[in-house]
1. Which pairs in the list 54/126; 59/128; 54/214; 179/214; 46/214; 46/212 are over 27 Å apart, alpha-carbon to alpha-carbon?
2. Which GluC sites (Glu not before Pro) from region 103-166 combine a DSSP loop assignment with at most 15 other Cβ atoms within 10 Å?
3. Set Lys and Arg Cβ to +1 and Asp and Glu Cβ to -1, take the dipole of region 168-250 about its Cα centre, and tell me which of 228, 175, 190 lies farthest positive.
4. Work out the length of the dipole vector of region 104-172 about its Cα centre, built from +1 on the beta-carbon of each Lys and Arg and -1 on the beta-carbon of each Asp and Glu, and round it to the nearest 20 debye.
5. Compute the length gained on full extension between residue 214 and residue 126: take 0.36 nm times their separation in residues and subtract their Cα-Cα distance, giving the result in nm to one decimal.
6. For residue 109, give me every one of the aspartates and glutamates with a C-alpha distance below 17 angstrom, ignoring sequence neighbours fewer than eight places off in its own chain.
7. Length gain on complete extension for the stretch residue 185 to residue 233, per 0.36 nm per residue less the alpha carbon to alpha carbon distance?
8. So, with +1 on the Cβ of K and R and -1 on the Cβ of D and E, and no other charges, what is the size of the charge dipole of region 106-263 about its Cα centre, to the nearest 20 debye?
Amino acid sequence: MKSIRHIVLTALSLAFINAGYAQQTIQVKNVVGTCIIANITPEKAKEIALFNAKIEALKLAGIPENVLAEITQMGEIFLETSNVEIGGGVTGYDIVSEDINIIQEGRSKVMVAEVVINANVIKYNKEKDLSFQIQVQGIKSAYRDKETLSFAVTPFQNGFLRIFLFEEDGTGEQLYPDKDLEPDMLFSQNGTIRFPVNNHYYYVLEKTDKTKIKETNRILFVFLKDNVRFTENHITWQSVSNWTAKISPDRRTQLFREFTIEY
């Protein structure tokens, strides 16, 4: 069950255009990321090892060391949503292997999570357009189960908007546009649009796991100069991140918010 569901569910029918996709793609293979398992679960250690493998992939693709140090401090969210500032992004990867190893470190033995990936990295040839921004207002930090969500978006230039919602496990849905109920349109500079756009349409927040006290969700806004459509059938945080990474940073901007759904 989705954390946000439409009162009326419809299938998305989205077309794809190539605007903004001309970038240099580099393939790197057998990239290793590791993480010592100490005061964290093995699953969390594997997540961090994967993140470190992505950092290593960017390094092998020629992203500057000082930029990589900043990414490492900011973490996974920064890597996946802010590739517009770092000169490149991981547009896709395959996990070659995942292992938990025991290694000797001095007189002690430690457990280390290791993830090996093959990755595609894009190096951008244009910089972010700092004037191409949006403002989002009205999203609260916490909601009650089955409470409705509404917000307002103000673009500072003309453009096209894509909105995605993600649950804790990274699965998600495209909230806007909806082909039948909330069609795609060009948003005008400095014109504030309230969501839902359709007055007979509601975004209802609903917890997926009723046994949890609260769940954390993310909502991602992608604002585009060109009418580039997301065409993947399976929507995840990673698939959307891969999609945005393929678009030239001067043609888009991204903004995300986190909120919890509670009883």
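Each value in this text was obtained by applying a stated rule to the coordinates, not by laboratory testing. Just so it is clear, the structure is predicted and the values come from calculations on it, not from any experiment. Cβ sites come from the backbone with ideal geometry, for glycine too, and all protein chains shown count toward neighbours.
1. 54/214; 179/214
2. 127, 147
3. In region 168-250, that residue is 190.
4. Details: 9 positive and 9 negative charges, 37 e Å.
In total the dipole reaches around 180 debye.
5. Additional length available on full extension: 27.6 nm.
6. Qualifying aspartates and glutamates at Cα under 17 Å: 99.
7. 15.2 nm
8. For this selection, approximately 500 debye.
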